[in-house]
Amino acid sequence: MSKEVKSPCVSLCHLKHDVCTGCGRSKSEITEWKSMKHKAQKMTVERAAVRLKEMRKKEGKR
C-alpha cells in the first residue's frame with residue numbers, strides 16, 4: 001500500500017466561498033496539504049470529492 005496520497009489538484013484553481021471549484025478542497029485544506037499526515041490527506045480527498053459533486057450538482061452539471 002502506498003503511503004503517498006495524490007493531491008486532488010487539477011490546476012484549475014478558482015475559489016468560490018473558500019472552496020476550490022477545480023478540486024473541491026477548502027482554502028485551509030489546500031494550504032495545509034503538505035503538512036497533513038496520510039490519514040488526514042485521505043479524508044481531505046474524500047471530503048473534497050463530495051464537495052465537488054455537490055457544487056456541480058447545484059450548478060446543474062454532471
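The values are calculated or read from the model by the stated rules, or taken from the named source; none is laboratory data. Keep in mind the model is a prediction, meaning the values are calculated, not measured. Positions of Cβ are backbone-derived with ideal geometry, glycine not excepted, and every protein chain shown enters the neighbour counts. Areas reflect the complete protein model, heavy atoms only, side chains present, ligands, DNA and RNA absent. Shrake-Rupley method; radii C 1.70, N 1.55, O 1.52, S 1.80 Å.
Compute the length gained on full extension between Lys27 and Ser11: take 0.36 nm times their separation in residues and subtract their Cα-Cα distance, giving the result in nm to one decimal. List each step's numbers first, then the result.
Numbers: separation 16, 0.36 × 16 = 5.76 nm, distance 1.43 nm.
Extra length from Lys27 to Ser11 when fully extended: 4.3 nm.
Counting Lys +1, Arg +1, Asp -1, Glu -1, what net charge surrounds Cys9 among other residues with beta carbon under 12 Å of its beta carbon? Walk me through the intermediate numbers first.
Details: positive: Lys6, Arg25, Lys34; negative: Glu29.
That works out to +2.
By what distance, in whole Å, do the Cα atoms of the chain stretch along each of the three principal axes, largest value first?
Cα spread of the chain along its principal axes, largest to smallest: 36, 22, 17 Å.
What is the percent carbon and sulfur in the accessible area of the chain, measuring with a 1.4 Å probe over the protein chains and ignoring ligands?
Numbers: 2860 of 5150 Å².
Taking all protein chains in place, the chain shows 56 percent carbon and sulfur surface.
Mind checking which lysines have their C-alpha under 21 Å from Lys16, skipping anything on the same chain fewer than 8 residues away?
Lys27, Lys53, Lys57, Lys58, Lys61
Explain nothing, just the number: relative contact order of the chain, from Cα pairs under 8 Å at least 6 residues apart, as a whole percent.
Numbers: 53 pairs, mean separation 18.3, N = 62.
Answer for the chain is 30 percent.
Considering only Val45, His14, Ser28, whose Cα is most displaced toward the positive end of the charge dipole of the chain, charges sitting on Cβ of Lys, Arg (+1) and Asp, Glu (-1)?
Val45
Can you tell me which lysines have their Cα less than 18 Å from the Cα of Lys3? Leave out same-chain residues fewer than eight positions away.
Lys34, Lys37, Lys39, Lys42
Using the heavy atoms of the protein chains alone and a 1.4 angstrom probe, what is the accessible area of the chain per residue in square angstrom? Show your work: numbers first, answer last.
Values: 5150 Å² over 62 residues.
Per residue, the chain has 83 Å² of solvent-accessible surface.
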